[in-house]
Structure formats: structure tokens, C-alpha cells
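One structure below.
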Amino acid sequence: MKAKQQVNLSLFVDYKDSLKLIRNYLAGQFIGATRDETLLKEVVKCLFCKLHIKSKSVKSPMDNLEISKLYRQTFAEIRNLLPSIFSTQEELLLDPKSIAFIDEQFNNLQLNEWSRDPIGDVYEVFIGSSIRGQEGQFFTPLNAVELLISIISPQPGETIIDPACGAGGFLSSAARHLLSLGVTPQELSKYIFGIDKDQYLVKLTSTRLSMVTFNNVNICCADSLAWTVESPLKERLGTFDIVLANPPFGSRIVAASPQAQASFDLGYKWTINKKNGEFDKTSELLPSVPPQVLFVERCLSLVRPGGRIGLIVPESLISSKIYSYVVNYIRQNAHLQAVIGMPESLFKTSGKSGTHTKTCLLVMQKLSEKVSIQKPHTLFMAEAKWCGHDSRGRQSGIDELPEIAEKYQQYTKGKLKEHSHLSYEVSLGQISANILAPRYYNPDVNEELISLKTTHNLIKLGNLIASGIIEKTTGDEVGKLAYGAGNIPFVRTSDISNWEIKVDPKQGVSEEVFQSLTRKQDVREGDILMVKDGTYLIGTCAFVTKYDTKIVFQSHLYKLRVTDPTKFSPYILLAALSSAPVRKQIKAKCFTQDIIDSLGNRILELILPIPKDEALVERITQIVKKSIEDRIEARELARKACIELIGTEKDFADCDDIYL
């Protein structure tokens, strides 16, 4: 397999460091403004000037005053070229010394060979955490943008629109792509269009595109969902060749007014047709719809029959049961071509900023009865683990996205021979329950199970539950007001670790709460508690001992009980659930629901590898049993020592961290 692409970190550091030098210099030396927003505007003006000067092959003079004069003359030309970006009254506010310093730093950089577009990087350095905190969601990482553009592959003459253009990442990259194919800067304005509700972002997108084209561009401030755009764009629904977008997402965002929502099929409630398994639209308007749902329909309405769509969507939109009707709608109106899972760190711009929301790239082609489109029998999928930076936004040097782009090209040419998490084919018949999340179909998981077939019985957990060999229930929530009302442990996901329940009376509940739930929860020695919701703890298990039965456990936990230990050992069940093959399955079957991940009923799909060798099964049983008994006895000895030290169990909670 080809090695993961290494990011050129020295280039990244060089130009970012130069921009930081400019920022720090201006903050200390420029008289008249210190706010980063003001300094940013001046640097952007200088950047336009420098690029324009380079395009005319004008050599910069050595004298500060002459450099300043050249920049001011050039900016006057740029004002005339780009009246939508700079007003006729605007001037360069920087003093000659500052302009000369900026010019010197620009000379140290190969502006035309930056790995990211200049405007995006200038904004990142100057606005920093404030823009990431307020508008950071609009900055789609460039490597994800370029991957999607390489798959969509815009061609000269094709029209492109981004109905939620934000800061213009897709459109500026698409413009550079078309320029590389021979399209002239003057022609680009015919082919590229953008819409956003935020006037500030419209200006930013226009600026980024103008940096590429040095021409006015078609970016307007409007509501893409209500379609409050002006002519001639208003009449262009269903005419574009390509849509590229990273629509806003969030369950709490009000996407549209009731009137606008009513114009969308996906604005209504859909019910499943039991006869054919498809979803049917009802006449009932939903109380509210997340923006990502309505944008799917808007994007489909924008392209012509046969047009191509490339989107970045939250994974929950294409995996969660509550959005199954949306996936059904997509499959009814488009040919799915590729779904690529992104790492959760993709949108983490720094340790404090960004989001861990897991996203996917979705590529499809609009259907039409009038246009014949050859329907592919398979769907390209991939699940990236590395995207060039870690969960704190720090550069990692490993980026798998360029390799996925290469694998996709091999797939389209029928030359994809090796399958891995970076490239695999899924037949449309394999799509289960309208789940499109790539990790759900990751072949690495099944291949490991297949390799165990000769030595292990592969048993589906759902079959064990259906046959009554194992019982599955979930816990309850008591509300935060119940915390601290007593000493009966309320077991949460964070209390499950290393097969133990870390009983912490600080999260205790009262006897009254315990008695109200004890019959329903019915916790017994030998039960297994398993984390079902959360983030990194999903699948973590704990064995209930004789010391742990008087507890209340929360709703984010499963309780698994082996009904007849003589037929199936709970110790073997615990070992199997904690084994690498099952952990990989759990990771593949966990999907995001709003802000947390959940295994849900997909626990029933887990395949348990149980050794065929009965002697080995018995040996593992004894090992697990002894491990649990030794740990629990050590824990209880520590508890006893604490109690004897003070002579009473009163205030024993203060000693918990000794053994937990």
C-alpha cells in the first residue's frame, strides 16, 4: 500500500511565520489602528497590490518611499478593477515603512506556490481564534475541498454554484482548478456563482475569488433556502452543472421560515411504507427542520438533470435513523457515487476552537427520466483516519486525503485492485437501513472476522438475545437534582473502566430513588454493564460483583445478563466484547446523534468470536474470573482500610480516590 502523504511542514511554518511577523510588526508599529480586523484589511490591500505587481513583472524599488508610491499607484488600479471589493474612496492607510516591511516579507514567499490560498491564510493568522470562534465553521479545510473537487472534476464551460459559500473555499479552489485547465480569469465570472446570508462572508468570498481572477465575481447576499435571490440568478434553478457546498448544520439552527420550509418536500413528515420499505411524504409540516436537511433538497434543485453534487455533511445525516427518510430521498433522486468519511479532527482548527463533529463527503449525480445515466452497481467508499492535523489543530504531517483522491481515480477507471480503509467498493444492494456512513461497511472489520472462521465460532449477539440466552436492557436517568441525595452509587459511563464499576458515592442517590428503580433495573451479580452512548468509552464493559448490586445505572449503559451460565459463560461474553475484533465492530457501528455517538440497536449486529476449543474457552473463563476477583478484593481491602482508619463509614466518600 502506498505510504500516507507527508505534509510539507517547513513550507507551512515559513509562510505562516512571515504572516505572523507582519501582524506583530503592524500591531507594534502602525499608528492609527491596532485591532486585527483593521490591520487585516490593510494587509489584504497590500496582498492584492503585490500580486498585481508580480503579474506585470514590475521590479520593486529599494527605497521605502518609492515602494509605498508603487503600492499606492497599484491600489488605485485595483480599485478600478474591483469596485465590488474596494470603494473609490478607499486608500492604503499604512505608512511607507510598514508597506516596505510587508513587501519585504512578501518577497520571501513564493506567493503563487502556497499550499493554501493567500486570503484564507491571512484571515487565519490575523483574526485567529476570534474568527474561528465566531465564523470558523465557514472555513472548510483545503484538503477536504480539493478532494471533493478532484472527484467532481469541473470542466471548462461547466457552471458551478455554492449556495452556502461562507468564506469561499470551494469557489476559490474551483476557480484555480478551472484556470489550470485553460479557462481565462475573464471567463471565470461566467461559470462561478455563490450565495450566502452573511454580508461579511459574501465580501470575503468575493475578495478570495477576485484574488484569483482580478475581476468582478457573481457572489450575492441572499437566502438560498427561501431563494430570495435577484434576477438573473433567480431563474437559474435546475440549470447548474455542479453544486459544491458545506451547508450549515445543527439541530438547533432555525433553517427557514414556515413559508419557506413548506416549499421543500423534506420540510414535511415522511412515513415508511411497510409494503415496499420506501418513505412516503405526508401533508404534515414538521415543527422544525435542521438546515443540512433542506440544503440537500436545495442542492438537488439547483443542478440540471445529470448534474453533479459534492457536499460535506455531518455523518449523522446519512447514518441516523431519524434521517433515514433523507437518505431515501437522495436515493430516489440521485445516483450515489462516493461517500468518504472524514476524521473527527477535520474541523478542529485549534485546541479550543472548531468542532469534533464527524463529517462525510457525499458525491452524487441528479437523476432524470429524460436523461439516461448509467447507474453504477457499486459505490466508492473510504474512511480517512488522518487529515494533516490532530484533534487540537496541530499539524501531524500525515494526510490520507490525497491518497483517497488517487484511489477514486483508479476506481473510476476500473483499476482499483487493493481494498483498505482508504478505498473500497460497496454494492448498492449492501446498503442497509439507508445507512451511508463508510465506517459501517469498512472491509477491514469483516476480513479480521473471516480470518478467525477456522478457529472460532462466529456468533451474532442479536441471535443470542433473540433466543433468550442473553437479556439486554438499558438504565435510567434520575436528574442532576438527585445527585448527592444519598450514598447509593449512580453509575455513569465514566464510572466504567477495566471491567470494573468505579463506585463513587459522590454521585450517589437516595434510598428512595433506588427503591423506585430497583425492580426495573434488577441488577445482579454476574451482569455486565456496557457503555452504549458517549464518545471514546462506547463498548467499555464492567462486571457486576456481589459488592456492586446496590446501584442505579444511567440510560447510556446496557445491562447484559447471561440467563444460563452453564450454557454460555458471562466471563467469555465479557472477554469477547472486549476483544479487538468486536471493538473494531463497535467503532464501525457507532454513529453520531446530535452531539454524542451511540451504538444503539446495532449492538445486535455484533459478531462474537468464541473459540471452538472448549479447553481454551475454560482457560479464558478462569483467567477472566480470577482477574475480576483479584481486582475487586483489592478494592474492597482498600475500602476496609479506610473504614477502619476512621472507625466508621461516615465521610467514606472522601477516601474513594485512594482505590478508584
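The values are calculated or read from the model by the stated rules, or taken from the named source; none is laboratory data. None of the values given here were measured: they were computed from a predicted structure. Neighbour counts run over all protein chains shown; Cβ positions are idealised from the backbone, glycine included. These accessible areas exclude ligands, DNA and RNA; they are computed on the full protein's heavy atoms, side chains included. Shrake-Rupley method; radii C 1.70, N 1.55, O 1.52, S 1.80 Å.
Quick notes
- Intensity falloff of region 495-549 expressed as log10 I(q)/I(0), Debye formula with alpha-carbon point scatterers, at q = 0.22 Å⁻¹: -0.99
- Average Cα contact separation per residue, region 502-620, under 8 Å, 6 or more apart, as relative contact order %: 23 percent
- Given Lys472/Lys625; Lys41/Lys97; Lys56/Lys348; Lys460/Lys520; Lys54/Lys348, the pairs whose alpha carbons are separated by over 28 Å: Lys56/Lys348; Lys54/Lys348
- Computed from the C-alpha gyration tensor, the three semi-axes of the ellipsoid equivalent to region 184-231 are 20, 12, 6 Å, from longest to shortest.
- Average projected area [Cα convex hull, region 206-338], square nanometres: 9.7 nm²
- Cα gyration tensor shape of region 239-305, rounded if a/c is under 1.5, else prolate or oblate by comparing a/b with b/c: oblate
- For region 53-113, the Kirkwood radius over C-alpha pairs fed into Stokes-Einstein at 37 °C and 0.692 mPa s yields D = 263 µm² per second.
- Fraction of C-alpha pairs exceeding 23 angstrom in region 373-506: 64 percent, rounded to a whole number.
- Sparse-neighbourhood loop sites, trypsin sites (Lys or Arg not before Pro) in region 463-547 - DSSP loop, at most 16 other Cβ within 10 angstrom: Arg524, Lys546
- When the helices of the chain are scored as -39500 (n - 2.57) per DSSP H run of n ≥ 4 and the total is divided over every residue, the value at 222 nm lands at -12000 deg cm²/dmol.
- Each peptide in 43-52, 414-423, 190-199 was scored by the mean count of other Cβ atoms within 10 Å over its residues; highest first, the order is 43-52, 190-199, 414-423.
- Under the combined filter of DSSP loop state and at most 16 neighbouring Cβ atoms within 10 Å, region 466-529 retains these chymotrypsin sites (Phe, Trp or Tyr not before Pro): Tyr483.
- Ratio Rg/Rh [Cα only; Rh per Kirkwood] for the chain: 1.04
- For region 532-614, radius of gyration divided by Kirkwood radius, i.e. Rg to Rh on alpha-carbons: 0.98
- 10 Å-binned pair-distance histogram of region 279-359 (Cα, whole percent): 14, 44, 31, 10, 1
- Backbone HN-Hα couplings from phi across region 575-586 [Karplus 6.51/-1.76/1.60, Hz, Gly and Pro as x]: 5, 5, 5, 9, 6, 4, x, 6, 4, 5, 4, 4
- Mean Cα-pair separation over length for region 228-301, i.e. relative contact order, pairs under 8 Å, 6 or more apart, %: 37 percent
- The chain, relative contact order [Cα under 8 Å, separation at least 6], %: 9 percent
- Surface composition of the chain: carbon and sulfur atoms hold 51% of the protein heavy-atom accessible area at a 1.4 Å probe.
- Straight-line reach from Lys234: taking Cα to Cα under 22 Å and skipping same-chain neighbours fewer than 8 places apart, the lysines in range are Lys190, Lys197, Lys203, Lys366.
- Shape index of region 475-593: Rg/Rh, with Rg the Cα radius of gyration and Rh the Kirkwood radius from the inverse mean 1/r over Cα pairs, equals 0.98.
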